[in-house]
Every structure is written in C-alpha cells, then in structure tokens.
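Single-structure report; data block below.
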Amino acid sequence: MRTENGYLTVYMALCISVILSLCLTMIEGVRRNGAAMEAACVADIGLQSVFAEYHRQLLEQYNLFAIDSSYGTAEPGTYNTEAHLLYYLDKNLDMEDVFLSSFFYRDFLGLQVDGVEVTGVSILTDKNGTAFRRRAVEAIQDDVGLSALTELKEWMEVIEVNGLDTAKTQQEKEETDKLIREYEYEDEEGEQHIGVTNPTAVLEEKRRLGILKHVVQDESFLSQNTLDTSCLIYERMKQGKVSQGNLSPEESMWAEELLERFFFQEYLLRYMGRYGKEDERDALHYQIEYLIVGKENDTDNLRGVANRICALREAANAAYLLSDSEKKAEVELVAEIISSILMLPEIAPVLEIAIILGWAYAESVYDVKTLFSGGRVPLMKDKESWHYSLEAALSGELQDSTQKGTGMSYADYLRVFMMLTGLDKLTGRAMNMVEADIRMTKGNAAFCLDGCYDRVEFDIRMSSSFGYKYQLIRDRAYD
C-alpha cells in the first residue's frame, strides 16, 4: 500500500511541475504580448491626443487642420511636439489615478517610455506651399460644383482667342493721341501747324483722375488697412528662412492640374475677403485683390484690380466696336466730319482709332462701376448689353447709374485674374494672408505657418521592467 502511494506522489509531482511550467510560460507570453498590445494602444492614443491639439484659429477662420509646433510660443520645433507626445504617453501609462492602486493593484506589465523622436514632418509651406494648397482643396472639394469650372474654361478660352489679356489698348490709345498732338500740317495760307483737336480729350482728362474716382461714390469709405509683408511667410520663403519638412506632401487625387487649381481658387474666394465682402477680422479687407496685385495696402490693391478689369473691358469693348458695322459707321462719320472741318482728310483713320478706343474706355468705366455695385457684365458684349452712345461717351459724363445686367460678376472677374496669376505667387500671398490674420488673434502674435505640421512620423521606444523592449514607428496625417 505504501509503495502504490509513493508511485502516485512522484507521478503527481511530475505532472504538476509540467503543468506549472506550462502555466508560467503562458503567463509570461500573456505578459509579453499584453505589453506589446498596451504599448501599441498607448502610442495610438497618445498620437490621437497630439493631433487633437490642432490650431483652433486656423480651423475656425480657414478650415485647415494643422499642429502648431510652437504651441503659442515664439519657437516652433519638433522638440515641442515630442514633449507633448511624451507627456501623453506617460499619463496613459501612469497608474496613480487608479483608486488605491498601491494597495490593490500591481503593474503586471511594467511599461515605461524610453524615448520619443519625431523622425519626419510635412509642413504646410513645403514645396512652395504644395501641402497648403492640397489641404485647402480638401476643405472645399465636396462643396463646389464643376459647372463653375466649365464656365471658367470658356472665359479663359475667349480671353486667349481674342488676346484680351495681352492687348495693350491703353498704350495704343496713348500712341494714337500722340500722333494727333504732334501731327504737322499747313493751312491755306501756308502756315505750319502742329497738333489737331482730339475728340476724346475730355475722356483722357477723366482717365488721368484714376479709375476709382469714377466707380466708387466716396473713396474715403474704402479700407485704408496696410500690411507689412517683410516678416511674413512669403518673404521668408524667398530668403530661404523657413523650416523645411522631410516628408513629401501627399499626392494629389486630381490628375488634372487645372482642376486642383480651380478648387484652390474657390477655397480662396470662400475663406478670404474681397471688395463688397470684407471681414473686419482680416489684416487686409481686400484680400483677394491682394492675391492678384500684391501691394501692401487695400486701396492700391483695389485700384490695381479695377485697372485690370478696365483694361480687359477696354480690349473686349474695342473688339466689339470693330465688329459692329453700325457703331463703326458712326465712328467713321464723326471722324470724317472732324477731318473735313480741319480740311485734313488724311487724318480721318487716326481719328477713327482714337474715337473707338475712347468709346471703349467710357464703356469700360461703366462696366467696372457696374461690377463694383454688385452687377454683372458679359465678357463679350452685344447690342443689348452695350450702354453708352457715342455722343454720351465723347461728352465725358460718366456718371450714369448702373443696372444689374447679365454675364460675369465681380467675383467671376477675380477668378479670371487669379487664373492669370502665377500659382506660386498666388499661393505665397495666400499664405501671407493666413499668417497675418492668425497673428491678429489672441495668443498668436508669433504664429508662423512654417511651424504647422499636417503630417508627422514618430519613433516611440518603450520597455518593460520585465525585460521587454518595443519600438513603434507611426506615421499620422490629418485626413
């Protein structure tokens, strides 16, 4: 009986030792894998916390998500983001907040953070603002229909075919006026004379006053805001004084460059102010005009856009006058009458050119005034949309009240001029506006757009007090 009990005891001891070894191995495996899972979860939660610290004003005013690596200070840098991530990781591993943890609990995994490093970033200003444009497109693409792109393409084709963007109508008018002023002739008595009365002299006096005098009721009500661009991002980019990321911006989902540019311009029109749609919070009130002209004050930018619209309208209006047989006949008749009175029939062709260009200018002033008052003007006019008679135009009385009309709005003409502006220049000036506007908000006086990350790559190292080490590489971006 004792022998049998002895055999059973040895057998049980052997079985228990095997089972115990298996259990300990399983427990250790659970610890190792549990620590790996906790490390991954803690890292992901920490990253979510870091990306949740997007710049609030940048989102509110421009619908852009980005981490401001300065965190309200004057020194942006990856070390700030590393410190924030390290704080979140430590807090997520800390058990001090667990109720009576020192009495009832023991840290089964024993994880701790050994180090955090930002190994790569994509900055909004990288590659001349490529990341900035992509984020802007993402913010607007679902809200804009492509029918507007079709219209924009048609307008640009008309401008290109008719050479409206390259026409030098005003220069041609000045050269014609010079010919008239310096024309030499002899009268019946053989006396030499220089100069002939110009039928468009009154209009030229009006032109010298400047376009804003004719299209704005009171210039004193225009914004006088100015902007010092010397400390803004576009100037720093020109000087090579910006932070550079080492991650390539995400690829565009748009195969056609024109489509991406169209969405970017629509973003600018929605989130930036312009004449008639000013925002008191903005550093400049006429922001879209600044993107096109690039001056440091609102008045000069508005004047620049008004002059460009007027020049475009002059070219288009002159082209229409030359194509309309009735109006062209009116011009020829007036030129013939004046040349007959002067007994200088050879000067009639020069007078015709001067009258056509003068008439086109008068109509252009009315067009700009219509656009500034919220009306519409077609790119190429016809009999129904033409306003001034030849007599009214030559009189120089350009005070007619405007009507709503049909065709393109002021915003549409801005779309055209943005399309004619270099993309890098347009992007740089847009980033200037964003940076200047954010700096005007509370606590953001030192805000720098080249400190804003939209994508970050992290190297996170953790270890367990039980001898395990973990390295986690994470690449996160705002989607």
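Pairs from the table (173/404; 91/127; 238/381) lying more than 31 angstrom apart at Cα are 91/127; 238/381. Of the chymotrypsin sites (Phe, Trp or Tyr not before Pro) found in region 138-233, no site is in coil according to DSSP while having at most 14 other Cβ atoms within 10 Å of its Cβ. Convex hull volume per residue, computed on the Cα atoms of the chain, equals 197 Å³.
Quick one: Cα centre-to-centre distance for region 402-479 and region 110-179, in angstrom? Spelled out, the Cα-based centre of one part sits 14 Å from the other. Annotation note: trypsin sites (Lys or Arg not before Pro) in region 141-210 located in DSSP loop regions with a Cβ neighbour count of at most 14 within 10 Å are 168. Taking label points 7 Å from Cα along the Cα-to-Cβ direction, residue 425 and residue 473 give a separation of 4.3 nm. Can you compute the helix-only [θ] at 222 nm over the chain? Use -39500 (n - 2.57) per DSSP H run of at least 4 residues, normalise by all residues, nearest 500 deg cm²/dmol. Calculated at 222 nm, the ellipticity per residue is -18000 deg cm²/dmol. Spatially, region 305-384 and region 205-284 are offset by 32 Å when compared through their Cα centroids. I need the calculated FRET efficiency for the pair residue 10 and residue 45, taking r as the beta carbon distance and R₀ as 56 Å, to the nearest 0.05. Working from the Cβ atoms, E equals 0.60. With R₀ set to 41 Å, the beta-carbon distance separating residue 74 from residue 466 gives a calculated FRET efficiency near 0.40.
Going by alpha carbons, how many degrees (0 to 90, nearest 10) lie between the helix axis of 298-323 and the longest principal axis of the chain? Once rounded, the angle reads 50 degrees.
The modelled label-to-label distance for the pair residue 171/residue 278, using points 7 Å beyond Cα in the direction of Cβ, is 3.4 nm. Here the label points at residue 32 and residue 191, each 7 Å from Cα along the C-beta direction, are separated by 11.6 nm in the simple model.
What the Cβ-Cβ distance of residue 208 and residue 384 gives, at R0 = 41 Å and to the nearest 0.05, is a FRET efficiency of 0.80. You can think of it this way: the chain between residue 86 and residue 401 has 106.8 nm of extra reach, that is 0.36 nm per residue less the Cα-Cα gap.
Each Cα pair under 8 Å and six or more residues apart adds its separation to the average, and for the chain the resulting relative contact order is 25 percent.
No value in this document is a laboratory result; all are computed from the given coordinates. Model, not experiment: these values are computed from the prediction. Methodologically, a virtual Cβ is constructed for each residue, glycine included, from the backbone with ideal geometry; neighbour enumeration extends over all protein chains shown.
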